[in-house]
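Taking it in order: structure first as structure tokens, then the write-up.
The values are calculated or read from the model by the stated rules, or taken from the named source; none is laboratory data. All figures in this text were calculated on a predicted structure; none of them were measured in a lab. Counting neighbours? That spans all protein chains shown, and the Cβs are built from the backbone with ideal geometry, glycine included. Each accessible area value is taken on the protein alone, full model and side chains, heavy atoms only, with ligands, DNA and RNA left out. Shrake-Rupley method; radii C 1.70, N 1.55, O 1.52, S 1.80 Å.
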Amino acid sequence: IKIQVTHVAGNQPFALHTPFTNAFGETFTVTKYRYYISNITLIDDKNEKHLIPESYFLVDESQSASKTLFVEAPMGSYKAMSFLIGVDSIRNVSGAQTGVLDPFHDMFWTWNTGYVMAKLEGNSPQSTLPNQKIEYHTGGFKGEHSVLRTVAFPFQQTYSIQPLNGLQVNIAADVLKWFNGVHPVTIAATPTVTAPGQLASRLADNYARMFTLTSVQQ
């Protein structure tokens, strides 16, 4: 299965270092934008779930290839797909990791608070931070303020996956939803979130709404 992620800002294509305006009329530019997608799961026509082993991906806007995800799926007929935004709790406490989970990628805090699940940095005239910075680093994998979120996409029909018959799933991710997907989060009031807690959880609620399934091709 090929999963193609396209970043947008509302009805516009998204790009780093490009000004956009959120729902509150605040202008911002993004200089760093990355997040984890993991635990990709297929739901078959009998409602059974099939977790794809070792499906961990770091989507990074500055690395175009990272927005194309490939997974090997078992043969079967599937009617939906889901994935986790972030890194599951087991991997947060499993010691040093490799690949996209390597702390080298600057997406890890400590063994206590674990991975940064999503990161958005940039600048905005509405920010009260030095150099008008905005800095959103969401993390925390346990307790009431866990930022782990599952996104599910029902397909419009059932697709059969066979050895020479794969699937392409096209997904759009709208950066503007970070600010109002569920909760209003203004840059003026909240220019930075860099620790686990209620604010990080609210941001996670928001960006969990940024994903939409645009098409499935076979």
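So the values come out like this:
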{"read-out": "Contour excess over end-to-end distance, with Cα ends at residue 75 and residue 23 and 0.36 nm allotted per residue", "value": "14.4 nm"}
{"read-out": "³J(HN,Hα) computed for each position of the range 61-69 - Karplus, 6.51 cos²θ - 1.76 cosθ + 1.60, integer Hz, glycine/proline x", "value": "4, 7, 10, 4, 5, 6, 8, 10, 10"}
{"read-out": "Solvent exposure of the range 102-161 as accessible area per residue, Å², 1.4 Å probe", "value": "51"}
{"read-out": "Debye, to nearest 20: dipole size of the chain, +1 on Lys, Arg Cβ, -1 on Asp, Glu Cβ", "value": "180"}
{"read-out": "In Hz, Karplus ³J(HN,Hα) per residue of the range 17-27 (6.51, -1.76, 1.60; θ = phi - 60°; x = Gly, Pro)", "value": "6, 10, x, 10, 10, 7, 5, 9, x, 8, 8"}
{"read-out": "Cut-off under 5 Å, modelled amide H: who pairs with residue 182 long-range", "value": "206"}
{"read-out": "For the range 197-202, Karplus couplings with θ = phi - 60° (6.51, -1.76, 1.60), whole Hz, Gly/Pro x", "value": "x, 5, 5, 4, 5, 5"}
{"read-out": "Antiparallel bridge percentage (DSSP; both residues within the chain; nearest 5)", "value": "85"}
{"read-out": "Sum of -39500 (n - 2.57) over DSSP H runs of 4+, divided by residues of the chain (222 nm, nearest 500)", "value": "-2000 deg cm²/dmol"}
{"read-out": "Shape category assigned to the range 13-122 from the gyration tensor of Cα positions, a/c cut at 1.5", "value": "oblate"}
{"read-out": "Whole-number percent relative contact order across the chain, with pairs defined as alpha carbons under 8 Å at least 6 apart", "value": "25"}
{"read-out": "Long-range amide H partners of residue 155 with built H, under 5 Å", "value": "80, 81"}
{"read-out": "With every protein chain in place, the range 80-218: carbon and sulfur % of accessible area (1.4 Å)", "value": "52"}
{"read-out": "Under 14 Å from the Cα of residue 2 - aspartates and glutamates, other chains or at least 8 residues apart", "value": "72"}
{"read-out": "5 angstrom amide H check on residue 190, placed H, neighbours 5+ away", "value": "none"}
